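One structure is given here, and the rest of the page talks about it.
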Amino acid sequence: MIFESNALSVDWLEPGIAQMTFDAEGSVNKFDRNTLTHFHNALNVLHDLPDLKGLVVASAKGAFIVGADITEFLTLFAEPESVLQHWLEETNLIFNKLEDLPVPTIAAINGYALGGGCEAILACDLRVADSSARIGLPETKLGLIPGFGGTVRLPRVIGADNALEWITTGKEHRPDAALQVGAIDAVVAPDALSSAAVAMLKRAIAGEIDWQSRRARKQAPLTLSKIEAAMSFTTAKGMVAMKAGPHYPAPHAAVALIEQVSGQGRAEALQGEHAAFIKLAKTDVATALIGLFLNDQYVKGKAKKATKLAKPVEQAAVLGAGIMGGGIAYQSAVKGTPVVMKDIAQPALDLGLNEAAKLLGKQVERGRLKPDGMAKVLNNIVPSLDYAPVAHADVVVEAVVENPKVKGIVLAEVEGVVAEDAVLASNTSTISIDLLAQSLKRPENFCGMHFFNPVHRMPLVEVIRGAKTSDETVAKVVAYAAKMGKTPIVVNDCPGFFVNRVLFPYFAGFSLLLKEGADFQQIDKVMSKQFGWPMGPAYLLDVVGIDTAHHCLDVMAAGFPERMGKMENDPVDLMFKADRYGQKNGKGFFQYAPDRKGKPKKTVDDAALAMLTDAYGAPKSFDAETIIARTMVPMINETVRCLEEGIVASPAEADMALLYGIGFPAFRGGIFRYLDTIGLDRFVAMADQYAHLGPLYQVTDKLREMAAQGARFYQ
Ligand code: NAD
């Protein structure tokens, strides 16, 4: 043994050829401080090893190296810039040491080589991957750029164009794609990885592969003519402006940096990388995106725990083959849980199956699924007009019409058919789980399972615990949602549950503005372009359905009369009464007609404008700050209430639910992160300015207290 530690070891494979094997104590290899220290020490030993002729860098785990340790980031980035500079210099010294070994080096890549893992393979002279490899630099997704030499080495290895694409999108790449651009030198089967790496290394040692010139290229300025450079960087800037937009500074910074250091050698270029990295590490956007990554790990961890506790769901059933039932059946089948889809109408079943077939067809078209895979999934959806095949289901998801009476009857019927320990879950969007539980003999086996539309796309599932729901039931439904590839978040029962409960106060803020003559198009523009929502509130109401929203408003008014009582002359009522239901019937705040692809295209509708002007007067302009405050304060206050009342268990889960359920702007990190960023005292002052607008604008006592104490939601 040449070197041994709890993170990696180095040993001879055969005379002259050593292998550095990463094998950390946890489940994956990552570049935490401990690993970096041992990595450095091992390289120091290797530099002085007289008989060394070549080095293989490999992993003993199922993945190569997943990247830097993101759990260390927020604390580290809060340090003064000089500390960050030191950390980057020290770490890059290590990567340079690997690149500068006096012998050829090869990375043998299995599984993930992301971020720092990808930067480590780039510091080697040669790279061979097996078919399981996934390679990429995802740092821009965290609001950062690669900081261990990735912006310097990657363009010099795969060319500026490809590197700009890899770095600005942050995507991971399959080995065949990586091979095509020259990021790796060969792809082999997993059992041939080690022997292929040694064989290639031997060719380098024998002088058959010119590893020295490959190495030199990484340390020299980029070879680009002026015209090539202008083309590459202008195109990249255009792409980034279009795709990332103005709220995400990292991809823009990456292009600027790569351009800036393109004429420089390694040492100077790395200095540029350090400076750009530090600047980004100090931004609110990086804090927000890193925070989301950590929150995601947290909620996934909770789901994993539930999965360990729960008996696996082998067979599912869904009642109702409508928009939601069809989507749930598809998602269940596609992720490997066979499902019975029951409806009372044959046309509904046909429609549900056709929708599933259409979605699968698209996957086949894109090459993500083989035709026999499609047949297998479709066979896993068994349509039925009676309950008989539902009897064997471990979990039944009820997704019939939103009517408490119908749901009560259907739930009681199915309870009589399934096994004693089967779990029933309702996909209701508004009806209290405790109310529905009253129809059941075994309310402990019942909870809410609230999907979002379209089911196959929206990542969130709210799992709603009723007063009588057992822990086993929650665990089983959480496990099932996770198996369906969704992010389950457990909330307690209340009208609107968590997501809709905080969404409707936002709509109330919007309605109040309209009643004062605000222009909904201006509001939509401010809330989407400036605040960053995927769409503004008027468009969102049209997408949700004005009839659905109208119904929800009634439920919320009954549930929270003191804050959400029916608003007189509410624009949503106005639209509803005029039969303007939004996208579903082609007219709401906007009007819709199918575009060439058959998707509804939104245009301005003079009739809607005239109707609003009649009701509330000629449109008036409000400044963006007022629009944001008046729509967001009610949503934020309600979110804070949900946390205080224990509807949602933690700021992390609340922020993830808002991101995954309604597309809260990721660069703001969620409502609690947003509050921490702007400062609780500033928020309280902002809300107080609008206190005269009613109780939705009133800050809770506890939040006021936290603000006075200078407290935060995230530490
Ligand atoms: P939908 O009208 O498209 O589908 C309802 C289906 O239930 C119809 O196919 C109908 O034939 C069937 N059905 C009615 N009675 C039945 C019975 N006794 N047994 C079996 N099937 C029966 O409705 P949807 O939009 O899919 O909504 C279903 C549920 O999901 C509702 O509770 C709704 O609130 C909730 N939900 C909807 C959305 C959404 O955006 N559409 C989002 C989240 C939750």
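State the percent of C-alpha pairs, over all pairs in segment 335-391, separated by a distance greater than 12 angstrom. Don't jump to the answer; show the numbers that get you there.
Working: 1056 of 1596 pairs.
Cα-Cα pairs of segment 335-391 separated by over 12 Å account for 66 percent.
For the peptides 242-248, 647-653, 508-514, the ranking by mean Cβ contacts within 10 Å, running from highest to lowest, is 508-514, 647-653, 242-248.
How far, in nm, would the chain grow between THR75 and GLN297 when pulled straight, counting 0.36 nm per residue and subtracting the alpha carbon separation?
On the way: separation 222, 0.36 × 222 = 79.92 nm, distance 1.71 nm.
Working it through step by step, the gained length comes to 78.2 nm.
Ranked by how many other Cβ atoms sit within 10 Å of their own Cβ, fewest first, the residues THR140, THR613, THR430, THR677 fall in the order THR613, THR677, THR430, THR140.
Efficiency by 1/(1 + (r/R0)^6): what FRET value for SER384 and ALA199, r their Cβ-Cβ distance, R0 = 56 Å, to the nearest 0.05?
Details: r = 57 Å, r/R0 = 1.02.
Efficiency, rounded to the nearest 0.05: 0.45.
Taking the empirical scaling 2.2 N^0.38 Å for compact globular proteins as reference, segment 105-183 has a Cα radius of gyration ratio of 0.95.
A simple rule links phi to the HN-Hα coupling: the Karplus curve 6.51 cos²θ - 1.76 cosθ + 1.60 with θ = phi - 60°, which for segment 419-427 gives 5, 4, 9, 5, 9, 10, 9, 9, 8 Hz, with x for Gly and Pro.
Alpha-carbon geometry of segment 1-115: the Rg and the Dmax are 14.5, 47 Å, given in that order.
Calculate the translational D of segment 333-459 in whole µm² s⁻¹ from Stokes-Einstein, where the hydrodynamic radius comes from the Kirkwood formula applied to all Cα pairs, the temperature is 4 °C and the viscosity 1.567 mPa s.
Details: Rh = 15.8 Å.
Rounded to a whole number, D works out at 82 µm²/s.
Amide hydrogen proximity for VAL318: with H placed 1.01 Å from N in the peptide plane, the residues at 5 or more positions away or on another chain lying under 5 Å are VAL340, MET341, LYS342, VAL397.
Sorting check: for 232-239, 595-602, which peptide has the highest mean count of neighbouring beta carbons within 10 Å, and how do the rest follow?
Those peptides, ordered most packed to least, come out 232-239, 595-602.
Taking amide H positions as placed in the peptide plane 1.01 Å from N, state which residues far from TYR112 in sequence (5 or more) or on other chains have amide H under 5 Å from it. Sorted by chain and number, the residues that satisfy this are PHE64, ARG134.
The radius of gyration of the Cα set in segment 571-710, together with its Dmax, comes out at 18.7, 57 angstrom. Could you give each residue of segment 238-253 its phi-based ³J(HN,Hα) in whole Hz, using Karplus coefficients 6.51, -1.76, 1.60 with θ = phi - 60°, and x for Gly or Pro? Whole-Hz 3J(HN,Hα) from phi for segment 238-253: x, 4, 5, 4, 6, 7, 8, x, x, 8, 10, x, 4, x, 4, 5. When each of the peptides 453-460, 156-163 is scored by how many other beta carbons lie within 10 Å of its residues on average, the order from highest to lowest is 156-163, 453-460.
Only helical runs count toward this figure. For the chain, summing -39,500 (n - 2.57) over DSSP H runs of n ≥ 4 and dividing by all residues gives -15500 deg cm²/dmol at 222 nm.
Looking only at Cα atoms, what is the convex hull volume of segment 632-715 per residue, in Å³? The partial results should precede the final answer.
On the way: hull volume 7.7 nm³, N = 84.
Enclosed volume per residue, from the Cα hull, is 91 Å³.
Computed on the Cα trace of segment 276-319, the radius of gyration divided by the Kirkwood hydrodynamic radius gives Rg/Rh = 1.34. Take the Cα atoms of the chain, build their convex hull, and give its volume per residue in Å³. With only Cα atoms used, the chain gives 176 Å³ per residue.
Going by how many other beta carbons lie within 10 Å of each one, how would you line up ARG712, ARG127, fewest first? Can you show the working numbers first?
Values: ARG712 15, ARG127 28.
The most exposed by this proxy come first: ARG712, ARG127.
Annotation for ASP176 and HIS86: the two label points, set 7 Å from Cα along the Cα-Cβ direction, are 4.9 nm apart. Give LYS342/LYS407; LYS61/LYS486; LYS566/LYS602; LYS53/LYS97 a once-over and call out the pairs whose C-alpha atoms are over 22 Å from each other. The pairs that break the limit, which is 22 Å between Cα atoms, are LYS61/LYS486; LYS566/LYS602.
Evaluating 6.51 cos²θ - 1.76 cosθ + 1.60 at θ = phi - 60° for every residue in segment 668-682, the Karplus couplings come out as 9, x, x, 5, 6, 5, 4, 4, 4, 5, 7, x, 4, 5, 5 Hz, glycine and proline recorded as x.
The convex hull around the C-alpha trace of segment 390-493, projected and averaged over every direction, spans 5.7 square nanometres.
No value in this document is a laboratory result; all are computed from the given coordinates. Predicted model only: the values in this text are computed from it and were never measured. Cβ sites come from the backbone with ideal geometry, for glycine too, and all protein chains shown count toward neighbours.
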